[in-house]
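Chemist: Let me give you the structure first, and then I'll get to my questions.
Just so it is clear, none of the values below were taken in a lab; they were calculated from the coordinates. Everything quoted here is computed from the prediction, not taken from an experiment. Heads up, the Cβs are rebuilt from the backbone with ideal geometry, glycines too, and the neighbour counts pull from every protein chain shown.
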């Protein structure tokens, strides 16, 4: 079990750090991927912190996980409530009207 907790801690740290770096560098938006990296990473770190008995670290990672989960629910509800966009047919090319010549 010690090895599982240790691996969980490292995987969680990499996930949170990678998500934060990708978002901060502008490579990913604040969306599902970013929030999933935060949620998964903080949950894995919380498991590790619980296993080793680090209560302050457990507390912050449980809070982080809850915030990330709430953000994912909010993203889901926002996208669900948006009206579906109907694909528009391409407009026919309009002919330019001849301009009257100035006298």
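Chemist: For the pair residue 33 and residue 2, how long in nm is the line joining their label points, each one 7 Å along Cα→Cβ?
Modeler: 3.8
Chemist: Something else: Sort 42-52, 9-19, 24-34 by the packing proxy (mean of other Cβ within 10 Å over each peptide's residues), most packed first.
Modeler: Values: 42-52: 20.5, 9-19: 17.1, 24-34: 12.1.
Order by mean packing, descending: 42-52, 9-19, 24-34.
Chemist: In Å³ and rounded to a whole number, note down the convex hull volume per residue for the Cα atoms of region 1-92. Display every interim value, and only then the final one.
Modeler: Values: hull volume 10.6 nm³, N = 92.
Given the Cα convex hull of region 1-92, per-residue volume reads 115 Å³.
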